[in-house]
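The values are calculated or read from the model by the stated rules, or taken from the named source; none is laboratory data. None of the values given here were measured: they were computed from a predicted structure. Note that we place each Cβ from the backbone using ideal geometry, even for glycine, and neighbour counts take in every protein chain shown. Protein only, heavy atoms only, side chains kept; ligands, DNA and RNA dropped before computing areas. Shrake-Rupley method; radii C 1.70, N 1.55, O 1.52, S 1.80 Å.
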Amino acid sequence: MKKKRKLSKLNTYSIIISVVLAILTILNIYSVIKINVFPMKFLILFFILFLISGVIIFFNFKLKKKRKKARITLCVFSTIFSVIFLVMFIYLNKTSGFLNTITSKNYKTENYIVVVNKDSNYEKIEDIKDKNISYVKTDMYNTDEALKKLEEKIQFKTKVEDDYEVMLNNLYDNKTDAIIIESSYKDLLIESSNEEGSESIYKTFNDKTKIIYTFEIKLEVEEEEIGEEVNVLEQPFNIYISGIDTYGKISSISRSDVNIVATVNPKTKQVLLTTIPRDYYVQLNGTTGYKDKLTHAGIYGVDKSLKTIEDLLDIKINYYVKVNFTSLIKIVDAVGGINVYSEYAFSGENYSFKKGYNKVNGEQALEFARTRKTLAGGDRARGKNQEAVIAALIDKVCSKAIITNYISILDSLENTFVTNMEQDKITGLIKMQLDDMAKWNVTSIALDGTNGSEYTYSYRNQKLYVMIPTESTIKNAQEKISSVFNGEKLDSSYTESNTTNSVTKKTSTSTNSSTSTSTSKSTTSSSSSSTTTEKTSDSLNTATKDSGTSANSNTDSTNSSSTTLSDDNKEEKVDEVEEKKDSNEEIDSSNSTDTSSCTMVDGECMGRS
């Protein structure tokens, strides 16, 4: 009797697990077909697994009930395959969901603030009901839409001003109760007021005012056709990488602090990164009169930045990718950190970096890419650092290490960037990379210019620091881009290194024009190989947080960087940290901060004269 009960339970379990396995098999077949990212060698493997699953299910139903040993064996295999297929379905479903979120959302977000005098009695938006709110009507922003949304909250009177300075003076003089302004433009005005010699009233904006209400409006974007459709698996193409200077929502408009054109040839596996300085003095697309800083194009939308760069380089840009501070932090953390190369030792606000490879997390990578105040090359040097971060990400994403963090990567990347590249092109590129797992040759160049001071289209009240383009560097970039399109392989800016080290954590610093020293916590270096390449004597460093400040910097920047790209074998074990409380690390005078020949803006070196 007991044997019959046990056999009955076994048969019941066999039927249940077979049904579960059948459902999971069907779901996985559907998912594999739907996401369409797997090359043939993977599809063959999946076909074999699905075929075995079908055989197991078939025999589970056809096997005679009394064949206990065979039934147990089939149940074991059914259970194992069910677990495998469940995990597989989770991965496939996560991939499908991710692919559905990364294409362009066709809207932008404008963030508005309502500002009053700091010494006023207004503390919340309801306090200015039926009061006067001033604003400037401009083609830059959709202020009318913002006012309509604000009317849903309170009733108020409006007063239109022709100029932002007039509007702010009226607020200071209590001639209006409040003003409304788009947040990114407020930041632009304050940044402009910090220029050396500026007497702008925006210098006191934060001291004399307070924000009582913030809100956002979402606007549909009718994107013009960008570039031309290309077969990204067969033809070269250009991607504009825009990095905006904000945290939070990627759809927010803001200044474009990172402007890089990535020229990709999928046949030769060549990537050319062309950096354009944020302060490049260019004619914004569709405007007349004053030229402007390239960074200001971002406040009009990513299309304005893209088309301005097309005009500058006389090229067609096929696609764009837009990221912000939050994006970079999440992406780098998701892939488990990156090994980024620095041509010089320098310190940012919180971290210090050594010459050579530095292993950085998301927060450290952001500081590495943003720092310019302590770099003698200013924005030129920062552009090279940004290219180094992108190159390190390309290397990490194309490595086998991506598999171990796959789910966390997709979770972290959701809503961190926007692109106009169609989903089928993205899946095609993924399929190609999975098929050949090829290494990409990455070359970096940068446009250059001379320091100047000019009026700008977006801020006409005073001259601002700008970089006047050097035509020879523009021509060089055009020739390099053309070379990639013609299938030529360029000299790699990043070669392999096997040596690992760590970066210092400073506790105190002193600097002068020739040397820079820092008391530090250091880690000892370790190396799996003494093999050297062009820069293999340089170290892979682990960035650690500053407890003080420093001013270390780079040597003068050049148009083409020659650094070293990390590979799977570069992520060697880093030795444990050793305390060096009373030791100072002396930086070679060639790498020290020298501001004697710098153009200084708000206390920072914008670049050498």
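Remarks
- Residue check, Leu464 surrounded by 20 or more Cβ atoms within 10 Å (Cβ to Cβ), in contact with a helix residue (DSSP H, G or I) (Cβ under 7 Å, 6 or more places away or on another chain), under 30 Å from Ile201 (Cβ atoms) and in contact (Cβ under 8 Å) with a residue 12 or more places away in the chain: yes
- One residue stands out in region 245-260 among those that are among the hydrophobic types (A, V, I, L, M, F, W, C) and surrounded by fewer than 23 Cβ atoms within 10 Å (Cβ to Cβ): the one that is modelled with the lowest pLDDT, namely Ile250.
- The set of residues from region 423-450 being in a loop (DSSP other than H, G, I, E, B) and farther than 30 Å from Ile474 by Cα comprises Met437, Ala438.
- Positions within region 272-286 being in a strand (DSSP E or B) and buried (at least 24 other Cβ atoms within 10 Å of the Cβ), in sequence order: Leu272, Leu273, Thr274, Thr275, Tyr280
- Among the residues of region 113-139, those identified as crowded, with 20+ Cβ neighbours inside 10 Å and within 25 Å of Gly286 (Cα to Cα) are Tyr135, Val136.
- The sole residue among Asp292, Asp333, Asp314 that is among the acidic types (Asp, Glu), modelled with pLDDT of 90 or more and open to solvent by 10 Å² or more (accessible area, probe 1.4 Å) is Asp314.
- In region 1-37, residue surrounded by the most Cβ atoms within 10 Å (Cβ to Cβ) [restricted to those that are more than 21 Å from Phe59 (Cα to Cα), modelled with pLDDT of 90 or more and of a type outside the set (S, T, N, Q)]: Val32
- Test for Val160: is it surrounded by 14 or more Cβ atoms within 10 Å (Cβ to Cβ) and in contact with a strand residue (DSSP E or B) (Cβ under 9 Å, 6 or more places away or on another chain): no
- Single unsatisfied condition, Ala376 versus (1) under 21 Å from the mean Cα position of the chain (by Cα); (2) at negative phi; (3) open to solvent by less than 30 Å² (accessible area, probe 1.4 Å): (1)
- Hey, Val321 open to solvent by 30 Å² or more (accessible area, probe 1.4 Å) and assigned to a strand (DSSP E or B) or not: yes
- In this entry, Lys94 is excluded by the filter for residues that are open to solvent by 50 Å² or more (accessible area, probe 1.4 Å) and either closer than 22 Å to Ala178 by Cα or not basic (Lys, Arg) (or both).
- Long-range neighbours under 6 Å by Cβ, at least six apart or interchain, first residue more than 18 Å from Leu366 (Cα to Cα) and open to solvent by 30 Å² or more (accessible area, probe 1.4 Å) within region 382-408, second modelled with pLDDT of 70 or more and aliphatic (A, V, I, L, M): Ser408/Ala334
- Look at region 291-306: where a residue is free of Cβ contacts under 8 Å to residues at least 24 places away in the same chain and a partner is open to solvent by less than 30 Å² (accessible area, probe 1.4 Å), sitting 6+ places away or on another chain with Cβ atoms under 6 Å, you get Lys304/Ala297.
- Members of region 209-244 found to be at pLDDT 90 or above and surrounded by fewer than 18 Cβ atoms within 10 Å (Cβ to Cβ), listed by number: Lys210, Ile211, Thr214, Phe215, Glu216, Val230, Asn231, Leu233, Glu234, Gln235
- Contact map, region 201-217: first residue closer than 16 Å to Asp127 by Cβ and touching a residue at least 24 places away in the same chain (Cβ under 8 Å), second residue open to solvent by 20 Å² or more (accessible area, probe 1.4 Å) and among the aromatic types (Phe, Trp, Tyr), Cβ cut-off under 6 Å, separation 6 or more or different chains; pairs are Ile212/Tyr122.
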